[in-house]
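Encoded as structure tokens, the structure appears first; notes follow it.
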Amino acid sequence: MGLNVIMMGAPGAGKGTQAGRFAQEHGLPKISTGDMLREAIREGNPVALEARARMDRGELVDDATMIAIVRERLTRPDAQCGFVLDGFPRTVAQAEALDGIMRERNNGPLIIVDVEVPQQELVHRLGMRRICVKCGMNAVPAAQTCGTCGGELEQRADDNQEVVLERLNVYQRATKPVLEYYRDRPTFRVVNGAQPPERVAHELDAMIDDAAGEAESL
Ligand code: AMP
């Protein structure tokens, strides 16, 4: 049975950081739809370039495009023993499509973790966030260069104050209902993301362990 994890949470909740760490420690691919889109834009991919205007405004890219991207990514060999999804699903339609994909895969249920952080803290974090121009990784707070590749840092195009507020609105409107879609499942967990990252990591690992035990008995 695969270890199939979804990291949910608002923009700035730290889900990408936690997803990356957990995936690396468990030898699973971290599948971040935002990273995939930004990389495809850097490569000049036409579909991604078309999505760019929506991303820069803080709006969602259409469900059909996102579902196709994730469906294809999940067929690759490295995702056969599981995955950590970051930034998908963001709408109930995407969540329903993912359930369909999971039924076809037939290798165990989804484990869903919601990383919760108060809205005020999110606005503050997103305003401070810097990413690497070269590799796209998040920088540690106050760093001058990228800790992964030494590249220069910049603010994400969609991390300016106006767009941040729109992204948080979109999260409330489109993505919060996804939590309700999952909430009654025995493999749904909530972690307090307003703690030091090591503490979040520790609690999250224990929750996923526990949920994986639950998944075995389903
Ligand atoms: P992220 O890096 O996860 O914050 O994603 C950045 C932007 O990419 C979002 O604001 C959306 O415009 C787009 N995006 C990423 N994932 C999705 C998704 N699952 N559905 C729709 N749009 C997405």
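For R52 and H26, a Förster radius of 35 Å and the Cβ-Cβ distance give a FRET efficiency of 0.60, rounded to the nearest 0.05.
Pairs of Cα atoms nearer than 8 Å and 6+ residues apart set the relative contact order; for the chain it is 29 percent. What separates the Cα centres of region 117-182 and region 101-116 is a distance of 25 Å. Taking 7 Å steps out from each Cα toward its Cβ at E154 and M102 produces label points 3.7 nm apart. I'd like the carbon and sulfur percentage of the solvent accessible area for the chain, probe radius 1.4 Å, heavy atoms only, ligands and nucleic acids excluded. Carbon and sulfur together cover 51 percent of it. For the residues Q18, Q155, Q195, a GNM of the chain with alpha-carbon springs under 10 Å puts the largest fluctuation on Q195.
Residues V70, V140, V190 ordered from highest to lowest accessible area at a 1.4 Å probe: V140, V190, V70. Rg/Rh, computed from the Cα trace of region 1-41 with Rh as the Kirkwood radius, has the value 0.98. Sorting C81, C146 by solvent-accessible area of protein heavy atoms yields C81, C146, largest first, with a 1.4 Å probe.
Over the chain, give the accessible area per residue in Å² for a 1.4 Å probe, as an integer.
With all protein chains present, the chain gives 51 Å² per residue.
Short-range pairs are left out: with C-alpha atoms under 8 Å and at least six residues apart, the relative contact order of region 3-100 is 46 percent. Each residue was assigned an accessible area with a 1.4 Å probe, and for D184 the value is about 140 Å². For region 1-108, pairs of C-alpha atoms spaced more than 17 angstrom apart make up 54 percent of the total.
A Förster radius of 22 Å, combined with the Cβ-Cβ distance separating D210 from E180, puts the computed FRET efficiency at roughly 0.55.
Since only L126, V191, G87 are under comparison, the one whose Cα sits farthest along the positive direction of the charge dipole of the chain, derived from C-beta charges on Lys, Arg, Asp and Glu, is L126.
Taking every DSSP helix (H) stretch of at least 4 residues in the chain, weighting each as -39,500 (n - 2.57) and dividing the sum by the residue count yields a mean residue ellipticity at 222 nm of -15000 deg cm²/dmol. Per-residue SASA remark: E72, around 90 Å² accessible (1.4 Å probe; ligands, DNA and RNA not included). The ellipsoid equivalent to the alpha-carbon distribution of the chain has semi-axes of 26, 20, 18 angstrom, derived from the gyration tensor eigenvalues as √(5λ) and listed largest first.
The values are calculated or read from the model by the stated rules, or taken from the named source; none is laboratory data. Nothing here was measured: the structure is a model prediction, and the numbers come from that model. Note that we place each Cβ from the backbone using ideal geometry, even for glycine, and neighbour counts take in every protein chain shown. With ligands, DNA and RNA removed, areas are computed over all heavy atoms of the protein, side chains included. Shrake-Rupley method; radii C 1.70, N 1.55, O 1.52, S 1.80 Å.
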